[in-house]
Amino acid sequence: MTTAHESPASEAEISVHWREEDYYQPPAKFIAQANAADPDILGRFDEGHFPDCFKEYADLLSWDAYWHTTLDTSNPPFWRWFVGGRLNACYNCVDRHLATDRNKAALIWVPEPEDEPTRTITYQELYRQVNEFAALLRDFCGLRTGDRVTFHLPMVPELPVAMLACARLGVIHSEVFGGFSGAACGERIADSGSRILVTTDGYYRNGQLFDHKAKADEAVRTADGLGQQVDKVLVWRRHAGRCTSRTPMVDGRDFFVDELLAEHHRAVVEPVSMPAEAPLFLMYTSGTTARPKGCQHSTGGYLAYVAGTSKYYQDIHPEDTYWCCADIGWITGHSYIVYGPLALGTTSVIYEGAPTYPDAGRVWRIAERLGVNIFHTAPTTIRMLRKLGPREPDRYDYHLKHMTTVGEPIEPEVWRWYHDVAGKGEAVVVDTWWQTENGGFLGSTLPALQPMKPGSCGPGVLGVYPVIYDENGNIVEAGSGKAGNICIRNPWPGIFQTIWGQPERFVQIYYAKYCRNPASTDWRDWPYFAGDGAVQAADGYFRILGRVDDVINVAGHRLGTKELESASLTVHEVSEAAAVPVIDEIRGRAVEMYVALQPGTAPTEAIRQAVTGAIEREIGKIARPKNVWIVDDMPKTRSGKIMRRVIAGISNFSDVGDVSTLANPEIVDEIRHRIQSAKLAHGEVPRQLTREEAAEIRSFGRNE
Ligand code: WTA
């Protein structure tokens, strides 16, 4: 069992040597209009001004009651921001823009089928829809402030409407990524204690209309099995008045939202004035154990943080047309499709489908047609667009001032394509490093003031002071060429408040490792452990190397090895399972599963398919392994732990390191020979890993 304070092997101190990339300067035209163009801002947010510097972010919001204490550290590490303040997040994202921008587009929704019309939702229209849905949640579902409600919604405008309706009531929303399975959704319903599930009948992705409602039935069953009853399932219909799901509506449980809304026509619900520290939403993420962590985000601190970072790092002005091509089912979408952009009163574009459907020009056609000037996406999408349409951007007349990359390390060559071809050399690029737990950006460049460097996210953002520690808590100096664990020395307003229902785990995972004194109420004694390996160059820029815990980042989705393994173990022939990452050209990392079978069981194709099926059922198609290998035995330590790093080395055709101390060293060559021959026979072309990739594989699972 892994514990955060156990000292893993010395491999944490990986020496990393890459060529220092050249800086890119922001275009003069960008600087001339930037929200943060005066270098004074860096001084205003330096450590000497902490924590009061964040008043500047809080003042972007409208408060019902102004706060008296910026940061309360009396119960570390349960930090409380803007104590005494009261506000409503929905009011801040919708109502307050009506006076000046009533008929401006708040959301522009682009359906995947290209012949279906784009839907523009003005602030006035959003206000109306949010109020009606809030009335439904309150009066029909009986939801009250502090209750939880789970959404399992894809990229439809009803998702932000539902989020804002909850925020209006002070109800805590918990959106589960639409691509997750019904079982994964059910588990999160049970963990959060939701009685209400909001879903849809279907949605389009890659030209296919998915039957999404079928997952709701499974979610309800799973939650029920875990002791949580779901009273009502609210079903939005993707096509007006027509249900495309084949699963029957369950009488008394399932309701079409459009039919219910008729009774709440023109309803107005007063926004509930919430304390700054009231939870706004939960967002589940993966970690070391199989149980997902419900990251609890606050109302005041979170909203202030996403508004501030949207303004200065995304450079959002109210008149921009901003498009974050990510999924609202992840933290990026919550912070930088919905809450941040709407708090600033801009126009936020939402696209339903796959970025390369029906062809590699789709994204650029949307950008041209809508006049998008800020674009935000993940390296996995950039790699795919580059591969499928390397010169496609040339064909479209769009002009971006600003582009963001988020979620995974970006290779410098891919970065350069993004900047030169996708951005036509006209846009500034920010690489933003952060996590579900963080609410908003942690490492990035202030676009008009700090030059870009491909492959590096940049220094800590305003008011965030990162540091790299080795396993013993010594600082790894900038420019030393050594990697270590990136931590944040101070609290910031966007930090999550706790893991829902698991406060001890919150302290243990994120703070125990480097806490200097558990009795101290001084924030300086409580560095936040991010779980990423990183290197800091002499100029202070960080290069993020990837997770140091048991998480595999597939196309920007965090998958826990334990979740993958426990899904595999639901196949009764399987006795042991190990998940490892393989370097993947498009998705960054892919998953390979190794399984050993119960004694006397013959390996069959059916078992391999059953493992894949179990993973899709328990987690979702996004977690589908690239390969499932059945092995006679796993490489193990003498105490019986599976050595994932050895298996990962085999899967990646890289060095497996020293195996002489294993309990069964002979198995390594046997597995290597068999698996690598099978891969070569399938046409896999091994490529030399970069030094950083090799270091990541070599240290995978080292916390065990
Ligand atoms: C990784 C996504 C390199 C990192 C917002 C982190 C990144 C995990 C970057 C969090 C980046 C995120 N460069 N790596 N710019 N951004 N990561 O919770 O390993 O889905 O810990 O949050 O993604 O993923 P999550």
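Rule-based calculations on the coordinates, nothing more; no lab input. Remember, predicted model here, so these are calculated numbers, not experimental data. Cβ atoms come from the backbone with ideal geometry, glycine included; neighbour counts cover every protein chain shown.
Entry for the stretch 585-704 at q = 0.15, 0.22 Å⁻¹: log10 I(q)/I(0) = -0.75, -1.52, Debye formula applied to identical alpha-carbon scatterers, no solvent contribution.
Using the 2.2 N^0.38 Å rule of thumb for compact globular proteins, work out how the stretch 376-429 stacks up: its C-alpha Rg over that value, please.
Compared with the compact-globule rule of thumb, the stretch 376-429 sits at 1.02.
Amide H contacts for Asn627 (H built 1.01 Å from N in the peptide plane; partners 5 or more residues away or on another chain; cut-off under 5 Å): Met593.
Projected over every direction and averaged, the convex hull enclosing the alpha-carbon atoms of the stretch 398-445 yields 3.6 nm². Please identify which residues in the stretch 316-360 have an amide N closer than 18 Å to a label point set 7 Å out from the Cα of Ile586, following the Cα→Cβ vector. Under 18 Å, as judged by backbone N against the label point of Ile586, lie 326-327, 353-360 of the stretch 316-360. Across the stretch 312-326, computed HN-Hα scalar couplings (Karplus, 6.51 cos²θ - 1.76 cosθ + 1.60, θ = phi - 60°) run 8, 8, 7, 6, 6, 10, x, 8, 6, 10, 9, 10, 9, 8, 9 Hz from first to last residue, x flagging Gly and Pro.
Take the Cα of Glu413, step 7 Å toward its Cβ, do the same at Gln25, and the gap between the two points is 2.9 nm.
Once Rh for the stretch 225-286 is found with the Kirkwood sum over Cα pairs, what is the Stokes-Einstein diffusion coefficient at 37 °C and 0.692 mPa s, in µm²/s?
Rounded, D is 212 µm²/s.
For the stretch 500-633, taking Cα atoms only, Rg and Dmax work out to 19.0, 59 Å respectively.
For Asp539 and Ala519, FRET efficiency with R0 = 41 Å and r from the beta-carbon atoms, rounded to 0.05? Efficiency for this residue pair is about 0.65. Maximal additional length on extending the Ala240-Ala663 stretch stands at 146.0 nm, based on 0.36 nm per residue less the C-alpha distance.
Compared with the direct C-alpha span, the chain from Ala267 to Glu471 gains 67.8 nm at full extension, assuming 0.36 nm per residue. When only Cα pairs below 8 angstrom with a gap of at least 6 residues are kept, the stretch 549-682 shows a relative contact order of 20 percent.
With the Kirkwood sum run over all distinct C-alpha pairs, the stretch 110-165 has a hydrodynamic radius of 12.7 Å.
Pairwise Cα distances in the stretch 275-385 exceed 24 Å in 33 percent of cases. Distance between the modelled labels on Leu569 and Thr601, one decimal in nanometres: 1.3 nm (7 Å Cα→Cβ projection). Mind giving me the FRET efficiency for Ser639 and Asn103? R0 is 51 Å, r the Cβ-Cβ distance, nearest 0.05 is fine. About 0.15, to the nearest 0.05.
Model label sites at Phe78 and Gln502, defined 7 Å from Cα along the beta-carbon direction, differ in position by 1.8 nm. For the chain, the convex hull drawn through the C-alpha positions has a volume of 153 cubic angstrom per residue. In loop segments of the stretch 238-305 as defined by DSSP, the trypsin sites (Lys or Arg not before Pro) with at most 11 further C-beta atoms inside 10 Å of their C-beta are Arg246, Arg266. Quick one: divide the alpha-carbon radius of gyration of the stretch 385-520 by 2.2 N^0.38 Å and tell me what you get. Taking the Cα Rg and dividing by 2.2 N^0.38 Å, one obtains 1.29.
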